Amino acid sequence: AQKITQTQPGMFVQEKEAVTLDCTYDTSDPSYGLFWYKQPSSGEMIFLIYQGSYDQQNATEGRYSLNFQKARKSANLVISASQLGDSAMYFCAMRGTSSGSARQLTFGSGTQLTVLP
Amino acid sequence: NAGVMQNPRHLVRRRGQEARLRCSPMKGHSHVYWYRQLPEEGLKFMVYLQKENIIDESGMPKERFSAEFPKEGPSILRIQQVVRGDSAAYFCASSPPSGGRSTDTQYFGPGTRLTVL
């Protein structure tokens, strides 16, 4: 079974500052993928960034980077130069590589980020 | 390149009625997933389908819920005899055909908000 833990229900950050959203995971799959999604107040789910368990480098996508520490089973999202539009709920998710049921994504409970002007 | 389409965006039903939620995957995607999000919670997996096949329905309630993905047309999530506890946002996601690699990102539709009166 897979489990994702996001321990920060809410976070505040000043505009233009960087912020780190925490995510820890647990899995028995030898190979897995970690994802971050953003859910603004309008409700849609927006894919942000992906990290593979065997990737040698931490993933980056524009202002988003993933601080992947495999030994600690953490996959924290770093948002640099926060913007007001970054205010949203952020979900960490995982999937394994086995067939069948492991294709599903397992989500954490989310972190509500508020960017202050 | 259209994304994942879901309709309706909002659906209101009275207790005992049926709810039909539709999902058209992204072009070229043959894998469809349904997730449910209860208020203030993360997304929970319901079912994973490929064309004309249910691959994994381990997250589906045993009664009243069914899903299909016919050879032609959208995927349908059907809830019979709805109850107030079915009120939630229902998200559909799609991913491309693959060998089960963890890199297969799931792209989400805008969701259907079901309200049961």
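Just a few scattered comments:
- Over chain A, relative contact order from alpha-carbon pairs under 8 Å, at least 6 apart, %: 37
- Modelled label positions at B:Arg22 and A:Lys3, each set 7 Å beyond Cα in the direction of Cβ, lie 4.1 nm from each other.
- Size-normalised alpha-carbon gyration radius of region B:7-54, reference 2.2 N^0.38 Å: 1.36
- Projecting the alpha carbon convex hull of chain B along each direction and taking the average yields 7.2 nm².
- Relative frequency of Cα-Cα separations exceeding 16 Å in region A:12-55, percent: 58
- Under-5 Å amide H pairs with A:Cys23, H placed in peptide plane, nonlocal only: A:Ala75, A:Asn76, A:Leu77
- In chain B, lysine pairs with alpha-carbon atoms under 16 angstrom apart (chain gap of 8 or more, or interchain): 4
- Amide hydrogen neighbours beyond the local backbone of A:Ser109, cut-off 5 Å, H modeled: A:Gln6
- Relative exposure of B:Phe108, B:Phe65, A:Phe91, judged by other C-beta atoms within 10 Å (fewest first): B:Phe65, B:Phe108, A:Phe91
- Cβ-Cβ FRET estimate between B:Ala2 and A:Ser109, R0 fixed at 22 Å, reported to 0.05: 0.10
- Computed across the protein assembly as shown, the Kirkwood hydrodynamic radius from all distinct Cα-Cα pairs reaches 18.2 Å.
- Computed from backbone phi with θ = phi - 60° and the Karplus coefficients 6.51, -1.76 and 1.60, the 3J(HN,Hα) list for region B:63-80 is 10, 6, 9, 8, 9, 8, 9, x, 4, 10, x, x, 7, 10, 9, 10, 10, 8 Hz; x is used for glycine and proline.
- Sorting A:Arg95, B:Arg15 by the number of Cβ atoms found within 10 Å of their own Cβ, with the fewest placed first, yields B:Arg15, A:Arg95.
- Whole-Å semi-axes of the ellipsoid equivalent to chain A (Cα gyration tensor, √5λ, descending): 25, 15, 12
- Per-residue Karplus couplings for region B:83-90, computed as 6.51 cos²θ - 1.76 cosθ + 1.60 with θ equal to phi - 60°, are listed in order as 10, 4, x, 7, 4, 5, 9, 10 Hz, Gly and Pro entered as x.
- DSSP beta bridge pairing in chain B, given as percent antiparallel to the nearest 5: 90
Read-outs: derived from the displayed coordinates by stated rules, not from any lab. Small disclaimer: the values here were computed from a predicted structure and weren't measured. Note that we place each Cβ from the backbone using ideal geometry, even for glycine, and neighbour counts take in every protein chain shown.
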